[in-house]
1. Quick check: anything in segment C:429-449 out of contact with any strand residue (DSSP E or B) (no Cβ under 6 Å at 6 or more places or on another chain) and closer than 17 Å to residue C:384 by Cα?
2. For segment C:168-261, give me every one of the helices (runs of 4 or more DSSP H) that falls completely inside it and has 2 or more residues that are at pLDDT 80 or above.
3. With respect to the numbered conditions (1) touching a helix residue (DSSP H, G or I) at 6+ places or on another chain (Cβ under 7 Å); (2) surrounded by fewer than 24 Cβ atoms within 10 Å (Cβ to Cβ); (3) at the interface with another protein chain (Cβ under 10 Å from one of its Cβ atoms), which one is the sole condition not fulfilled by residue C:169?
4. Answer yes if at least one residue in segment C:4-19 is touching a helix residue (DSSP H, G or I) at 6+ places or on another chain (Cβ under 8 Å) and farther than 15 Å from residue C:130 by Cα, and no otherwise.
5. Given the structure, is residue D:227 touching a residue at least 12 places away in the same chain (Cβ under 8 Å), crowded, with 20+ Cβ neighbours inside 10 Å and at positive phi?
6. Do you know which residues across segment A:116-129 are facing chain B (nearest Cβ under 9 Å) and either in a loop (DSSP other than H, G, I, E, B) or in contact (Cβ under 8 Å) with a residue 12 or more places away in the chain (or both)?
7. For the condition closer than 18 Å to residue A:50 by Cα and part of a helix (DSSP H, G or I), what is the one hit in B:34, B:47?
8. Quick one: in segment A:11-27, of everything that is facing chain B (nearest Cβ under 7 Å) and touching a residue at least 12 places away in the same chain (Cβ under 8 Å), which residue is surrounded by the most Cβ atoms within 10 Å (Cβ to Cβ)?
């Protein structure tokens, strides 16, 4: 059962990823991305990381996608067809990616993973305590750093997006 | 663990996803599309972290926590990128990659 | 014999040169003339004193004239090889001192009248002093290098004096030509000196000329292309001499050099500088005679004989009186060379040597006289060309008489000076080489003919209508004429053989009557012919000129030697070497450098395209790079 | 303060004062005083050297050694011998004359004089260094201001010329650096430590293979700045575009660094390499001599003529150095001095003519003697000195070179080359006389040049400053020749 679900999810991910990078309509592309992200959240569910899946859905699907859609709507007409790369370039890139994929897969399949059979369930509390732990192996410092980063990103985004228009009275420059 | 699914299969899927992202990154002509491709790449790697954590070291949480960080960073990154794109759009009325080549030389 | 004072002889003109040259704007022309004459008078007096002391008081020891040397090292090369500066007193140098002093003094005096009112009067006297200094230095040189140094200085003063009228393009190009042609000859001289310096190990005349010395005895030790290297050196040195003395084929500068003021022609291009080549050969005579059994000396003889004949033929057809005199000079110098070439060494065998020096002496007097006379004529009629002259004897009696004396002297009519010296030359030639003798006799006839053609053309012939009636020159100009005329008359009676001879012993010269009669006869025939052709205005000359047809044309065009040289220099050297060099430089050498530069720019332009600023291109490269590196590592690890 | 380091300190102080001085008036006075002090020091150095030499028999006197960079054994190591003293004196004279000639420099005078003084600093540095690395550093210091001087104050296609000059010289420096490092890494061949000290290296027997390998690098590295054929093309363009004083300094002093470097580094440290390679480079040098002279005939720009003449005359220096003969070396050093003074004179005169007539095209000039008697007379004298007239320095130098080259180990190859090179004196006289005959003599070319300003006092001073040593060396060469000859002894032992 899980196996079938996995294949379905994998199929969804790959197909929509492809659609996302090849669609000529911006908004569709974003929506396809949303499906991919949801599919990934599905994988998280499958491997029993529910918290992660939730984050994936809220932050990614809920936050980032919305941001992107906003920006798309701000800068594009919905009906606008995107310009596509030259075929030669596409083919070359595709070949390169195939090659890279081959290298990856070759490496992966030649590597013996020391898989541990398990059914461990991870609770949100575990993650929380690990994140806020001061002990060895605790993640309190990166956690703080990330929070600072987020703050900085937020301030930065506001400053950048605000642009000169609000600070300068001189509109003609823009 | 997903019953009946080995780590290889999951890694294969993420690899494919990764390269689809790379492909998009290189070929798309629009900054937002590029951003989308980046999200694909990021997600592919996040999944890898998580899966390897689950399959190989189920007792640890490093992979998961890293995934959370990556997601946080991705969110920050996207916010910044979007703000840059919007600002750029105001300046040059375009978000096409070819119009941003003034950086060259 | 104390000769240290002789150093003053060249130094006084040098001081005069510096004085006049540095203050040319401050010194008044009249004063500068006096300074020049005064300075030279002192030098001349010293020269005469030296000559008296040397020839009559204490020069002769045991019947042999000694060589006195006073020198100091000027520059060291090695322990044995160095350039000295000093004075060398021996018969020929003393004789040359006299020649230079007399002619130079006369020319100085003459120039005060001739150059009157010229802008560069002071400059002219400065140059004359420079020349005199260099000529004295040349004459007194103790070694090859010193003679070369003054040789060059003489050349440059000649350049400056020929180009004295520097606003005249013809004068400038004549000056350049004179300098460059002689410089080319000096190239040979210099190489000769280098060879000599290396193989003989010294530049010193005394060591080189010693008949028992190591240089002459071991001439055969090294040979090159079948001849001894010393012979090569001598030939190259003779090349230098031939250049200065306008020997064929390096003669082309001399006629053009007549662009200079006439006193200059008299001093430099008739009496002193042009005989420097003869003096040089005479200076090295023992070497020329002994090394390789006189091979080099034979070359000297033949070149002298040929030049003599060649120049005499050309002289017949020239219409510029100074050019006639120039070719005459060349011809007479050829005579001197010829005499040296046929000379022996011991006793009366060395009559050619003596005759050559003798002729040098007498020729200096009468040729200077001829030039100064010609200058006087030019001064009066303001033209160089025969066609503008005629019948001047009434207007210029003194010039007429003195010119006639000089013409008789050069034609070898007894008892004038030229007769005696020319006779000795013919005797020497007769005793050694019949071919050269015949040439000599023939040239004597030609000389008489063209000289009297000139004389009759100027002073007799058809009287021209002159714009300003010509008048006799001022006393400052006629006085030198009279002095030189006197010397041309009596100069032949000096018993030259007693003073100057190859082996320094001295011998008694005596007239060889049959030969003298033949020479005089030939000379008189020449004069007679000239009389017939040119005494009265008639068309005989034109008829004969037509009869000779193309030959006449060739001759009057100097056998086209100027054109040949012009072709060689302009077409071959200038266009054929220099232009391709310059082209090669601009296009190939510089082109290569530019190519390197340009291809760098082009390459970087190409590479610049890779740095496109398109991040997707970078990403592509990045991925590709990563993949390739991964493949390489996989390859490495799986093996 | 020791007598040599002053040669570094004084230019630096001059530059410092210049930085704070405003306007042309002050800048030129400051530079004049600075270069006067330099000249005074140079003359003083010469006398001090004679005094010191009488009691001190080592190769270099007035030596001083300060460790500069310990790890690589780089020292600030200075000292002079007769050759350096002579060249320092030359530099001081030419720099002072250059300042006088630039008396009316209008654009950015302060910066101009600063560059000029910096250039002289580099040149002095090269002449007093005994440490290879220090020498190289000073060499570069001397080359760099050239770019600015030509690029900013030049005329014509100055950017092109400046770029070409700098690139070629920098390329040569790169080659040179390889050579110097090659020497450095072989300087422990006898077991000592690695060193840059020239005197120490000269004692070391550098392996033959290394000498053969590195000699061309060092030689070419230095010879390019002496305009060795076929690396000379930067020189005509550079000269043509450079302002007067720069041409003077460049041809007069900077190009001498090449010959000096070849001598002091290539010949002294790699004698076996020199023996091995001399046949090849001597051909290039001989070609350069004849080729430069013939090229000069064809040129119509005064500065180009002189630039090619310099190629020819400096070719003679290299030729003389490569004959590996003491007399010729002596001649090479004197030729360096003589050419330095004469070329500087020539460029100064050209600058004056150009400043008055605004053309350097000889077809547009003529009969200048009439309107500019002083300049004309000096020009003719310089020309005559240039073509090797006795009584001037050129003759002394050339005769030493020719005699020396002919003495060289009884070798027909050298002799033939020598004769070829000697023949250049005729070609030289052709182009000099062509020049003199065309621009100084002959009829006036144009009417409007009838009243040109006469030479001013500073021009006359500059010219006489250069002229006096030319005549001094020409008339009395013995003292200079003896001073140099003595200093050549250690070198000759190295090679032969």
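1. The initial filter retains those residues of segment C:429-449 that are out of contact with any strand residue (DSSP E or B) (no Cβ under 6 Å at 6 or more places or on another chain), namely C:429-449.
With closer than 17 Å to residue C:384 by Cα added as a condition, the list becomes none.
No, segment C:429-449 contains no residue that is out of contact with any strand residue (DSSP E or B) (no Cβ under 6 Å at 6 or more places or on another chain) and closer than 17 Å to residue C:384 by Cα.
2. Numbers: elements: C:169-200, C:205-209, C:214-217, C:229-244, C:253-256.
Hits in segment C:168-261: C:169-200, C:205-209, C:229-244, C:253-256.
3. All conditions pass for residue C:169, except number (1).
4. Residues of segment C:4-19 that are touching a helix residue (DSSP H, G or I) at 6+ places or on another chain (Cβ under 8 Å), as a first pass: C:5-6, C:8-17, C:19.
Then drop every residue that is not farther than 15 Å from residue C:130 by Cα, which leaves C:5-6.
Yes, segment C:4-19 contains a residue that is touching a helix residue (DSSP H, G or I) at 6+ places or on another chain (Cβ under 8 Å) and farther than 15 Å from residue C:130 by Cα.
5. On the way: touching a residue at least 12 places away in the same chain (Cβ under 8 Å): yes; crowded, with 20+ Cβ neighbours inside 10 Å: yes; at positive phi: yes.
Taking the combined requirement at face value, the residue satisfies it.
6. So the first thing to find is which residues in segment A:116-129 are facing chain B (nearest Cβ under 9 Å), and the list is A:116-120, A:122, A:126-127.
The answer is A:116, A:117, A:118, A:119, A:120, A:122, A:127.
7. On the way: B:34 fails: closer than 18 Å to residue A:50 by Cα.
From the options B:34, B:47, the qualifying one is B:47.
8. A:17
The values are calculated or read from the model by the stated rules, or taken from the named source; none is laboratory data. On a predicted model such as this, the values are computed, not experimentally measured, just so you know. All Cβ positions, even for glycine, are placed from backbone atoms using ideal geometry, and neighbour counts span all protein chains on display.
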